[in-house]
Amino acid sequence: MAKTVYLIRLDGTYARIKDVVADPVLVNMIGKGEPYRDIPNVTGTTLSYVDSFGSFGIPTNTGITFTAPVVVPGQLTVPPHLMGTLDIVEADDVAHVDPRQADQVYTFWKFTWATVAATPQHTYAEFRRGDIIADTAPNTDPTP
């Protein structure tokens, strides 16, 4: 037997959904998120090292990566220094990289309808924190 349910949002807005034949259930579905570009931040950081020669710092930014960085301690005539391979990280638009997309998990209310050849069997509504599924409209008396 079909019934009418109300999807009530936290802000009080609601939608009436008629002819539901099974109780709604929460369903997680995976989809693609919004496209985005990777743009390195140029906020400065400093690699620093202190030994008997004193201290030294190497300014860097997030647009540069170090592969296998090693701080070589100072010796009698050689001050401490950093060894490794530096590589520049370009922004996606500079490197001509297509916009990136990540998998996102979305939660939906899944409403089941009677199986009819010409109509879909399920309808989905995005779940938001505080959503309620009720048999009566909000602000109404549920008792007859």
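See the values below:
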item: Karplus (6.51, -1.76, 1.60) ³J(HN,Hα), θ = phi - 60°, over the range 10-17, in Hz, Gly and Pro reported as x; result: 4, 7, x, 6, 8, 10, 9, 10
item: Packing-based exposure ordering (other Cβ within 10 Å, fewest first) of MET1, MET83; result: MET1, MET83
item: Karplus (6.51, -1.76, 1.60) ³J(HN,Hα), θ = phi - 60°, over the range 98-114, in Hz, Gly and Pro reported as x; result: 4, x, 8, 9, 10, 5, 10, 9, 10, 10, 10, 7, 10, 9, 9, 9, 4
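Each value in this text was obtained by applying a stated rule to the coordinates, not by laboratory testing. Here the structure is a predicted model, which means the values were calculated and not measured. Every residue, glycine as well, gets a Cβ built from its backbone with ideal geometry; the counts of neighbours run over all protein chains shown.
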